[in-house]
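A.B. asks: This is the structure, below, for whatever I ask next.
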Amino acid sequence: MLNLKSKIIIAIDGYSSCGKSTLAKELAKELNYAYVDTGAMYRAVTLYCMNNNLIENKIVKTDLLEKFLNQITITFKYNITLERSDTFLNDLNVENRIRELDVSDNVSIISKIGFVRKKMVILQKEMGKNKGLVMDGRDIGTVVFPEAELKFFMIADPEIRAKRRYKELLEKGDKISFEEVFNNVKQRDYLDENRAESPLKKALDSIILDNTCVTQDEQLKRVIDIINEKFGR
Ligand code: DC
């Protein structure tokens, strides 16, 4: 286990399906830190909208959503059997449901809404108030924790990312084509980078990690070396 001089916040941002959450989870384990997947929070709000007819044909009923936003609670609970953190939407475990393609297809529309982001950022800042946290997303190093001690920005070739995502979805039993997944990845990249509210962009002080040609173990080793060098005892 890594032993640091003091507790820090590690922000991991980057494109979809770049391996952010895999790296973040492994790091949190090494450091005995909390891990928060902020994408899961936007996905949970999206699912709430889908379940409550607040989104139809990609049109969001923003007035109603704003009214109901306070009725949405999102929590994370560690699942000992599966050794992962599960996302709960109003006390219902939605961890698997929020990863399905229909949620992925709608999430960019919800995550670009200013008042949704504002609420998520408040919750996220609260989770980091005692430090000792690894958080991944799109705006963690730029908006949520611009003062984070360590920031990474992950990139990888879009086709490779789509292939990884496609494999994951197939393993879960989803019946989808590679084209659908590839288009979703490309479309989300475009929407994430081009939205007006907190677009995906590299924080000036973040370290780029290109995940195209490295294994998860190589990536983790590189990051641990960086952490040891900067913050090790
Ligand atoms: O990391 P992910 O693919 O599960 O994220 C789902 C969507 O949520 C993604 O398309 C962009 C959005 N998102 C965001 O806007 N800000 C974050 N901090 C995290 C995710």
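The rows are residues; the columns are (1) of a type outside the set (D, E, K, R); (2) in contact with a Leu (Cβ under 8 Å, 6 or more places away or on another chain).
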position	(1), (2)
Val134	yes, yes
Lys167	no, no
Lys172	no, no
Glu179	no, no
Phe182	yes, no
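Residue-wise test of (1) within 16 Å of the ligand (Cβ to nearest atom); (2) of a type in the set (Ser, Thr, Tyr).
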{"position": "Ile155", "(1), (2)": "yes, no"}
{"position": "Asn183", "(1), (2)": "yes, no"}
{"position": "Ser198", "(1), (2)": "yes, yes"}
{"position": "Ile207", "(1), (2)": "no, no"}
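A.B. asks: Ok, one more. Here is a check on your reading of the model: is Asn194 crowded, with 16+ Cβ neighbours inside 10 Å, within 15 Å of the ligand (Cβ to nearest atom) and not hydrophobic (A, V, I, L, M, F, W, C)?
C.D. replies: Against the criterion (crowded, with 16+ Cβ neighbours inside 10 Å, within 15 Å of the ligand (Cβ to nearest atom) and not hydrophobic (A, V, I, L, M, F, W, C)), Asn194 does not qualify.
A.B. asks: Hey, does the stretch 54-64 have a residue that's of a type in the set (A, V, I, L, M), within 19 Å of Thr22 (Cβ to Cβ) and loosely packed, with under 14 Cβ neighbours inside 10 Å?
C.D. replies: No, the stretch 54-64 contains no residue that is of a type in the set (A, V, I, L, M), within 19 Å of Thr22 (Cβ to Cβ) and loosely packed, with under 14 Cβ neighbours inside 10 Å.
A.B. asks: Which condition breaks for Ile208 when tested against (1) in a helix (DSSP H, G or I); (2) loosely packed, with under 15 Cβ neighbours inside 10 Å?
C.D. replies: The one condition Ile208 does not meet is (1).
A.B. asks: Would you confirm, using the coordinates I've provided, whether Lys131 is touching a residue at least 60 places away in the same chain (Cβ under 8 Å) and surrounded by fewer than 21 Cβ atoms within 10 Å (Cβ to Cβ)?
C.D. replies: When the stated conditions are applied, Lys131 passes them.
A.B. asks: Follow-up. Within the stretch 95-105, how many residues turn out to be surrounded by 18 or more Cβ atoms within 10 Å (Cβ to Cβ) and under 18 Å from Ile55 (Cα atoms)?
C.D. replies: Just the residues of the stretch 95-105 that are surrounded by 18 or more Cβ atoms within 10 Å (Cβ to Cβ), to begin with: 95, 98-99, 103-104.
Next, from what is left, pick out any that are under 18 Å from Ile55 (Cα atoms): 98-99, 103-104.
Number of matching residues: 4.
A.B. asks: Take residues that are of a type outside the set (D, E, K, R) and near the ligand (Cβ under 10 Å from one of its atoms) and tell me which of the helices (runs of 4 or more DSSP H) falling wholly in the stretch 1-76 contain 1 or more.
C.D. replies: Once the helices (runs of 4 or more DSSP H) in the stretch 1-76 are filtered for at least 1 residues that are of a type outside the set (D, E, K, R) and near the ligand (Cβ under 10 Å from one of its atoms), what remains is 20-31, 38-51.
A.B. asks: Looking only at the stretch 3-46, filter to residues that are surrounded by fewer than 23 Cβ atoms within 10 Å (Cβ to Cβ) and of a type in the set (Lys, Arg); which one of those is farthest from Phe76 (Cα to Cα)?
C.D. replies: Lys5
A.B. asks: Checking the conditions here, which among Ile55, Ile72 is touching a Cys at 6+ places or on another chain (Cβ under 7 Å) and at pLDDT 95 or above? Working first, answer last.
C.D. replies: Details: Ile72 fails: touching a Cys at 6+ places or on another chain (Cβ under 7 Å).
That would be Ile55, the only listed residue that is touching a Cys at 6+ places or on another chain (Cβ under 7 Å) and at pLDDT 95 or above.
A.B. asks: With Leu92, Leu101, Leu82 as the choices, which residue is at pLDDT below 95, out of contact with any His (no Cβ under 9 Å at 6 or more places or on another chain) and either near the ligand (Cβ under 10 Å from one of its atoms) or farther than 27 Å from Arg222 by Cα (or both)? Can you show your working first?
C.D. replies: Values: Leu92 fails: at pLDDT below 95; Leu82 fails: either near the ligand (Cβ under 10 Å from one of its atoms) or farther than 27 Å from Arg222 by Cα (or both).
It is Leu101.
The values are calculated or read from the model by the stated rules, or taken from the named source; none is laboratory data. Everything numeric here is computed off the predicted structure, so don't read it as measured data. Quick reminder, even Gly has a Cβ in these numbers, built from the backbone with ideal geometry, and neighbours come from all protein chains shown.
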